[in-house]
Amino acid sequence: MGAEQSPTPPLILGLQPSALVDHVARVDQSLLAQIPGESGGSQQVAFEELEHILAEVKTHILPSPQDPYPVRAIAGGSVANTIRGLTVGFGVKCGIIGACGDDEQGSLFIRNMSSSSVDLSSLRMKRGPTAQCVCLVDAVGNRTMRPCLSNAVRIQPDELSRADFKGSKWLVLRYGIYNLEIIRAAIRLAKQEEVYVSMDLASFEMVRDCRSQLLELLESGDIDLCFANEDEAAELLKDESNVNPETALAFLAKYCQWAVVTLGSNGCIVKHGKQIIRVPAIGEAQATDATGAGDLFASGFLYGLTKGLSLEDCCRVGSCSGGAVIRSLGGEVGPENWQWMYKQMQVNGLSVPDLSR
């Protein structure tokens, strides 16, 4: 992989230091009550705990007529979801920077991303295990994540070079304390190559537990675009007296050219310069699985930015792509849901991507 040089660089790069495989399942509430940590959030677990949860899943499956496979294993991680969505659904040339293990999960990650036409020339294969995450989805579509990252292979800061970023327009990354040194190194090199940086705030637990380091990153002025959901935005401003999405948006916009706060079924609010836009969600509100909703919203929004669409249309495209992924299990959009998205785009007066190239 590292040796395959792409003839034209990817327009958008995703930094995912550790390749990740998601095990996605719809489960009953009794399993969620048994596992440690808060329901609805993301909390790291040891490998033994991951194996235990996967074993328990089999007896707690919620049958679903839409999903014949009760447990799906797919290439996962927020950044991979966004990059794959941009490539498959919008025809944008994208690549991924990171490392995967030389195990079965690593092979699955490579197969899935390759079949989605993602450029893997900056993905290094290393000896060792690939990261995994159990994504437990309840009856109403809320998801609880339990990632196992501790012993997984990952790319190191000194393995990155300016050549990884040369000729690209955007770098997409996810905030994470365990990858902070890699994130800082990637941002530094990206900025030397005049690449814009987009950052997702990951989870309310990550914001709560590692807030000072996050503020440092924002205050550097190197984050051009920041995505936060309502919970993450509230956690960011937890010391303020008047916390709401609008105050969080204003706070993020002090440091970032584009600030986005997603509001679930209520759409999103976005600020760029003096412009503030509020856009409602598109499509029905009921989610089969909320996994990847924010990641695919980011796919549509970034596609809009690369096409020079208005701020409102960037949000509307993001709303369409975010709406497409919640219609089935996991963070990957299937062909029928891409068709649903294109139809929503047409109905809403948006140009459908030209995938013929």
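Observations on the structure shown:
- Whichever residue in segment 58-83 is of a type in the set (D, E, K, R) and in contact (Cβ under 8 Å) with a residue 60 or more places away in the chain and, among such residues, is nearest to S203 (Cα to Cα): R72
- Positions within segment 299-337 being assigned to a helix (DSSP H, G or I), modelled with pLDDT under 95, touching an Asp or Glu at 6+ places or on another chain (Cβ under 9 Å) and not β-branched (V, I, T), in sequence order: G322, G323
- Any pair with Cβ under 9 angstrom, 6 or more apart, that starts in segment 238-266 at a residue that is under 13 Å from I276 (Cβ atoms) and touching a residue at least 40 places away in the same chain (Cβ under 8 Å) and ends at one that is charged (D, E, K, R) and assigned to a strand (DSSP E or B): W258/K271; V260/K271
- Answer residue from segment 84-104, given it is touching a residue at least 60 places away in the same chain (Cβ under 8 Å) and charged (D, E, K, R) and is nearest to L355 (Cα to Cα) among those: K93
- Any hit, segment 49-62, residues being among the hydroxyl-bearing types (S, T, Y) and either within 30 Å of L309 (Cα to Cα) or within 23 Å of the chain's Cα centre (by Cα) (or both): no
- Subset of segment 42-51 [surrounded by 15 or more Cβ atoms within 10 Å (Cβ to Cβ), modelled with pLDDT of 90 or more and not β-branched (V, I, T)]: E49, L50
- Selection of strands (runs of 3 or more DSSP E) fully inside segment 212-288 by the criterion of at least 2 residues being buried (at least 21 other Cβ atoms within 10 Å of the Cβ) and modelled with pLDDT of 90 or more returns 225-229, 258-262, 268-272.
- Of V57, V24, V71, all but one fail to be closer than 30 Å to Q156 by Cβ and surrounded by 15 or more Cβ atoms within 10 Å (Cβ to Cβ); the exception is V24.
- Residue pairs whose Cβ atoms lie under 9 Å apart, separated by 6 or more positions or on different chains, with the first residue in segment 218-230 and closer than 15 Å to L171 by Cα and the second of a type in the set (S, T, N, Q) and modelled with pLDDT under 95, are F227/T262.
- The residue list S64, S39 contains one member that is surrounded by 15 or more Cβ atoms within 10 Å (Cβ to Cβ) and hydroxyl-bearing (S, T, Y), which is S64.
- Candidates A99, A73: the one that is at pLDDT below 95 and either small (G, A, S) or assigned to a helix (DSSP H, G or I) (or both) is A73.
The values are calculated or read from the model by the stated rules, or taken from the named source; none is laboratory data. Here the structure is a predicted model, which means the values were calculated and not measured. Don't worry about glycine lacking a Cβ; one is built from the backbone with ideal geometry, like all the others, and counts go over all protein chains shown.
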